[in-house]
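Trainee: Below is one structure. I have some questions about it.
Read the figures in this text as sums done on the coordinates, not as results from a lab. Nothing here was measured: the structure is a model prediction, and the numbers come from that model. Cβ placement follows ideal geometry from the backbone for every residue including glycine, while neighbour counts extend to all protein chains displayed.
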Amino acid sequence: MVPNSSTDQLSDEEIVELTLQNKDNFLFIINRYKVKLYNFIRRITKVSSEDAEDLLQEIFLKIYLNLNDFDRSLKFSSWAYAIARHQVISRHRKLQARAEGHAIALEDEGVNKIISNLDLQKDLDLALQKEKILKILDGLGEKYREVLVLKFLEEKSYQEISDIIKKPIGTVGSMINRAKAEFKKELAEQKIKL
Amino acid sequence: MTLDKNFGQELLNKIDNQHLQPKPRWQFLLKNYIVWLLGALSLVLGSVTMALVLYMLRYDELDVYRRAGGQIWNEALLIVPLFWLVCLILFILFVFYDFKLTKKGYRYSLVAVLSIIILTSVILGGAFHLLGVGKIVDDALGRRAPFYDRIMNPGINFWSQPTAGRLVGVITQQTNADEYLLLDGSGIRWAVLTAGAKRDRRAQIIIGLPARFLGEAQDDHYFRAEEILPAIPSGSGFFLRFNNLPPPGLERDQEFSP
């Protein structure tokens, strides 16, 4: 196994190569992505934290088993997110039956990102503002919610989103525009002032 | 974030305990090759289908069908090779779906992918048509395919109705200057009288090859032709199903004996 200190310098792709030589190096991939993918799961589906952790474990196992299928011309993160998304979708119905609360988990940092990216007015009461944003995101269709999460919370580029949701880049652009328009329409319809 | 601190190590232990290994690379490569191979095969088959469509549409038949008393919608259904067009659409859709299954197929838009597949089918199909592939496949299917005259080439069925004044079949013998023997699609032998019949400039009566007539059926399998038409654009293989046919191009008055 590669010493812990030197892995920070390594790219994801290099760690993949090292994992194929020694499975223990997979721990570096897990540590690098566990929080990101956990948040991603919680942001695109309404599952409990226990279910999200189970799902995360399945996702990493799938990544490990399919390491030889990773296409080096793509970013590793896009490939990992695509697997996560696929896994979430395939277990979506089952998990949604046990879902509670809001459609997504949103942290304060996420609220600020959405406010600045959608040109919304910043409120003093962040908790209240967060509640309102969650209400609107709940009302959006899944595909719109997903692209908004990828663009503004996960801060992925159009190309990365295209590689994650497996749609042409032009379609990604129009989906994001429509999602933004839907978000603003929901704001007006629910008479929410931000 | 409530993720277990030991999440990573527990997962590695699970991998160890279950002796899990990454799937070998050849499995993924094989899957990719199969996807590409199926796509290429479907593209070639689609192009052969396009060659068949071009082969069957190579004459303007509208006027001929009108003179034969066809109804406008029926004419369209008989002239346009619907069966092959449906097959062509299915092949195109299969190639499209298959391409989307390739590693980066999702990156290209529906319009771009479909346009390239259709354009390739037209170019390759056109080349196959020029090389005579359409005729070869049509002849082969005509000889063997079940329901060929009803599904793949319903024009044969339309022209095989002597009581409605339409007759198609293979000329087996020339018995007089204006009299021929013809074997139709049901295996019935007709004496066709062509004296005074109008002849389309493209029409040829050659022993061993199909011919088509408009006229009137008389008793005892006599058919008085009023018009000699060029053979239907496709289906010559169909008439070769009947054994005992003469080789094409026998001289006049030569009797063909099986």
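Trainee: Going by Cα centres, region B:130-161 and region A:7-22 are how many Å apart?
Mentor: Here the two parts' Cα centres lie 61 Å apart.
Trainee: What full-extension length gain, to one decimal in nm, is calculated for residue B:206 and residue B:29 as 0.36 nm per residue of separation minus the Cα-Cα distance?
Mentor: Gain on stretching residue B:206 to residue B:29: 58.2 nm.
Trainee: Normalise the Debye intensity by I(0) for region B:155-239, one equal point scatterer per Cα, no solvent, then take log10 at q = 0.18, 0.19, 0.22 Å⁻¹ and round to two decimals.
Mentor: -0.63, -0.71, -1.00
Trainee: Working from the alpha-carbon coordinates of the protein assembly as shown, get Rg over Rh, Rh being the Kirkwood radius.
Mentor: 1.24
Trainee: On to the next question. What order do you get for A:182, A:13 when you list them from fewest to most C-beta neighbours inside 10 Å?
Mentor: In increasing order of surrounding Cβ atoms, one gets A:13, A:182.
Trainee: Going toward the positive end of the dipole of chain B, with +1 on Lys and Arg Cβ and -1 on Asp and Glu Cβ, which of B:44, B:171, B:26 do you reach last?
Mentor: Result: B:26, furthest along the dipole toward the positive end.
Trainee: Averaged over all directions, how much area does the convex hull of the C-alpha atoms of region B:25-131 cover when projected, in nm²? Let's see the in-between values first.
Mentor: Values: hull surface 32.6 nm².
Dividing the Cα hull surface by four gives the mean projection, 8.1 nm².
Trainee: About the Cα centre, and with charges only on the beta carbon of Lys, Arg (+1) and Asp, Glu (-1), how big is the dipole of region B:25-131? Nearest 20 debye, please.
Mentor: Result for region B:25-131 is approximately 700 debye, rounded to the nearest 20.
Trainee: OK, next. Run a plain Debye calculation on region A:130-194 (Cα atoms as equal point scatterers, no solvent) and give log10 I(q)/I(0) at q = 0.14, 0.18, 0.19, 0.25 Å⁻¹, rounded to two decimals, same order as the q list.
Mentor: Once normalised to I(0) and log-transformed, intensities are -0.40, -0.62, -0.68, -1.02.
Trainee: What is the diffusion coefficient of region A:11-57 in µm²/s, taking the Kirkwood radius over Cα pairs and the Stokes-Einstein relation at 10 °C with a viscosity of 1.306 mPa s?
Mentor: 137
Trainee: Separate question: For the protein assembly as shown, what is the mean residue ellipticity at 222 nm derived from helices alone (per DSSP H run of n ≥ 4: -39500 (n - 2.57); sum divided by total residues; nearest 500 deg cm²/dmol)? List each step's numbers first, then the result.
Mentor: Numbers: 19 runs with 245 residues, N = 452.
Calculated from helices alone, the mean residue ellipticity at 222 nm is -17000 deg cm²/dmol.
Trainee: Have a look at B:117, B:185, B:148 and report the one farthest towards the positive end of the charge dipole of region B:109-226, computed about the Cα centre with Cβ charges (Lys/Arg +1, Asp/Glu -1).
Mentor: Farthest towards the positive end: B:117.
Trainee: Here's a follow-up. Using DSSP to call loops (not H, G, I, E or B), can you name the trypsin sites (Lys or Arg not before Pro) in region B:12-96 whose Cβ has at most 15 other Cβ atoms within 10 angstrom?
Mentor: B:58
Trainee: Based on Cα positions only, what radius of gyration and what Dmax would you give for chain B, in angstroms?
Mentor: Calculated on Cα positions, Rg and Dmax stand at 27.8, 102 Å.
Trainee: A follow-up question, please. Can you put A:162, A:49, A:73 in order of Cβ neighbours within 10 angstrom, beginning with the fewest?
Mentor: A:73, A:49, A:162
Trainee: Mind scanning A:75/A:130; A:62/B:103; A:75/A:143; A:23/A:167 and naming the pairs with a C-alpha gap bigger than 28 Å?
Mentor: Working: A:75/A:130 32 Å; A:62/B:103 17 Å; A:75/A:143 22 Å; A:23/A:167 32 Å.
Cα-Cα > 28 Å for A:75/A:130; A:23/A:167; rest within.
Trainee: Order of B:168, A:149, B:137 from fewest to most other C-beta atoms within 10 Å?
Mentor: Fewest-to-most ranking of B:168, A:149, B:137: B:137, A:149, B:168.
Trainee: Would you calculate the convex hull of the Cα atoms in region B:88-170 and tell me its volume per residue in Å³?
Mentor: So the per-residue Cα hull volume is 140 Å³.
Trainee: For region B:107-149, what size does the Cα cloud have along each of its three principal axes, sorted from largest down, in whole Å?
Mentor: Extents along the principal axes: 44, 24, 13 Å.
Trainee: To the nearest 0.05, how large is the calculated FRET efficiency for residue B:38 and residue B:76 if R₀ is 51 Å and r is the Cβ-Cβ distance? If you can, show how the numbers build up before the last one.
Mentor: On the way: r = 34 Å, r/R0 = 0.66.
With a Förster radius of 51 Å, E is 0.90.
Trainee: So what's the angle, to the nearest 10 degrees on a 0 to 90 scale, between helix B:7-17 and the longest Cα principal axis of chain B?
Mentor: Relative to chain B, helix B:7-17 is tipped by roughly 70 degrees.
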